[in-house]
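Step one of this worksheet: look at the structure below.
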Amino acid sequence: MRRAPPSLGESEPASSPPPEPATDAERRRRHPPVATKPERLIARHEAGHAVARVLVLQTTAFVVTIDPPAKERKRRTRGLLRSIRPSMPPEAMPGLRGRDLRELLRISGIHNYAGLAAEYPNAVGFPWNETHQADLTQLVELAALHGRARPPIHYPSWRRACAFVDVYWTAIEAVAAALLAERTLTGPRVLDLIEIAAQGPKVPNVRPRW
């Protein structure tokens, strides 16, 4: 039945204002894209670095993304974790000796190798390919700055990183899922995800390493 037009003195009912357009982040949360296998591996790799950056290096001053800038993609960088607060370069650190230097190299090794350990959770031995060269080179260069030698593949660091990933696997999976949905995460957001994962049920992570 057709509605009669309003008579004199009556007004049209007020229409509701149009909804605000959703932001890119909101659209991704509502309709997450279907991730390809390479994307899932990249997200897990960067999540391993991000969780290690928070828990081992104890800083949240960074941004992690699986959509690096074009200039980084040209260098075959698949993901990117970047500090947002300038830190003291290794060459400007006071001369570290003995236990302090060993601790610096130990935690740096866990951080550098955590991406690989998270990306290849079922690896038997060391899964190396040229896309991971930058992670391995950083530890070699840091050791050289302090007069220490590190081989191109440092197996003690790899084993420590595997143990770290085994313990914090639930948090790494949570950060990787958020990276796939949001594409870019800040350090404080990663810390929130780690804390939420610590309160929830643990994801079993039974996997042979050797």
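The values are calculated or read from the model by the stated rules, or taken from the named source; none is laboratory data. As the structure is a computational prediction, the values presented were derived from the model and not from experiment. Note that we place each Cβ from the backbone using ideal geometry, even for glycine, and neighbour counts take in every protein chain shown.
A few comments on the model shown:
- Checking each residue in the stretch 109-146 for being at pLDDT below 85 and not in a helix (DSSP H, G or I) picks out Pro121, Asn122, Ala123, Val124, Gly125, Phe126, Pro127, Trp128, Asn129, His146.
- Every test in (1) within 21 Å of Arg40 (Cα to Cα); (2) assigned to a helix (DSSP H, G or I); (3) not aromatic (Phe, Trp, Tyr) is passed by Leu185 save one, and that test is (2).
- The stretch 145-166 residues that are free of Cβ contacts under 8 Å to residues at least 12 places away in the same chain, paired with ones that are outside any loop (DSSP other than H, G, I, E, B) (beta carbon under 8 Å, 6 or more apart): Ala149/Ala143; Pro151/Val140
- Residue in the stretch 188-198 that is under 20 Å from Asp135 (Cα atoms), modelled with pLDDT of 90 or more and of a type in the set (Gly, Ala, Ser) present: no
- Scope the stretch 140-170; condition of a type in the set (Val, Ile, Thr) and closer than 30 Å to Glu195 by Cα; matching residues: Val165, Val167, Thr170
- Scanning the stretch 123-133 for residues that are of a type outside the set (Val, Ile, Thr), in contact (Cβ under 8 Å) with a residue 12 or more places away in the chain and either touching a Cys at 6+ places or on another chain (Cβ under 8 Å) or surrounded by 12 or more Cβ atoms within 10 Å (Cβ to Cβ) (or both) returns Ala123, Phe126, Trp128, His132.
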